[in-house]
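Here's the structure, in structure tokens; my notes come after.
The values are calculated or read from the model by the stated rules, or taken from the named source; none is laboratory data. Given the structure is predicted, the values throughout are model-derived calculations rather than measurements. Backbone-built Cβ (ideal geometry, glycine too); neighbour counts: all protein chains shown. For the accessible areas, the whole protein counts, side chains as well, though only heavy atoms, and no ligand, DNA or RNA atoms are used. Shrake-Rupley method; radii C 1.70, N 1.55, O 1.52, S 1.80 Å.
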Amino acid sequence: MEATRRDRIDGDEARRRVLDAAERLFYARGIQAVGMDQIREAAGVSLKRLYQCFPSKDALVEAYLEHRDRRWNRALAEHVGRVAEPRERVTAVFGFLAEWFGTADFRGCSFINAFGELGPVSPPVAAAARAHKRTLRERLGTLAAEAGAADPDALADQLLLLVEGAIVAAAMGTATGPAERAGSAARALLDAATAPGHALVSRRPRP
């Protein structure tokens, strides 16, 4: 009876349930530690329906990373979009991180975690992780340009390093207030990148 009820869940609803369950379990426990049967149970779908939605665990992992990428980037964009002043939008990124780090289920970056587990043996996972970071770096470059940085690309690289370092430090508990400290460093970098004469200095030929 229970299996029949689970089979009657329509495809879209089943896919949503499976993705939600996979996101919770993969993020909390790690991809390799979670089996398809655990996801089936958490999603409340039959094994047949699960495999109709995702024919393999590899396919589910790729869909999970795509889902996580869209959700995380949308949340960041909404947070930064609430700030009007261009310079403050740069540091708003670190305010977003502070809020994220304070959530009860924070376990670091899904993409760093997935790359650490599977990147060397799964080209799709490695590609998804790199694409996520590339999108973040592009967003930081846009914010740097809007804030008036003389060299937005250089500042974007610096900001990305601060973001990545803050995420790892928060996940490992190796620093106090990592988002706030990284935000202070970002503000100092932004001040330097927009200071009068910076463009001339940055373009001076090397001896």
- Task: Find which of VAL93, LEU19, TYR51 sits farthest along the positive direction of the dipole of the stretch 1-121, computed with +1 on the beta-carbon of Lys and Arg, -1 on that of Asp and Glu, about the Cα centre.
- Result: TYR51
- For the stretch 122-130, Karplus couplings with θ = phi - 60° (6.51, -1.76, 1.60), whole Hz, Gly/Pro x: 10, x, x, 5, 4, 5, 5, 5, 5
- Length gained, ALA28-ALA171, 0.36 nm per residue minus C-alpha separation, equals 50.3 nm
- Portion, in percent, of the accessible area of the chain that falls on carbon or sulfur, probe 1.4 Å: 54
- Query: Which whole-Hz couplings ³J(HN,Hα) result when phi for each residue of the stretch 170-182 is put into the Karplus expression 6.51 cos²θ - 1.76 cosθ + 1.60, θ = phi - 60°, listed in order with x for Gly and Pro?
  - Reply: 5, 5, 8, x, 9, 8, 8, x, x, 5, 5, 5, 5
- Item | Accessible area per residue, Å², the stretch 1-126 with all protein chains present, probe 1.4 Å | 52
- Item | Table column - 3J(HN,Hα) (Hz), the stretch 86-101, Karplus curve with 6.51, -1.76, 1.60, x for Gly and Pro | x, 5, 6, 5, 4, 6, 5, 4, 7, x, 4, 4, 4, 5, 4, 4
- Given unit charges at Cβ for Lys, Arg (+) and Asp, Glu (-), the dipole magnitude of the chain about its Cα centre in debye, nearest 20, is 180
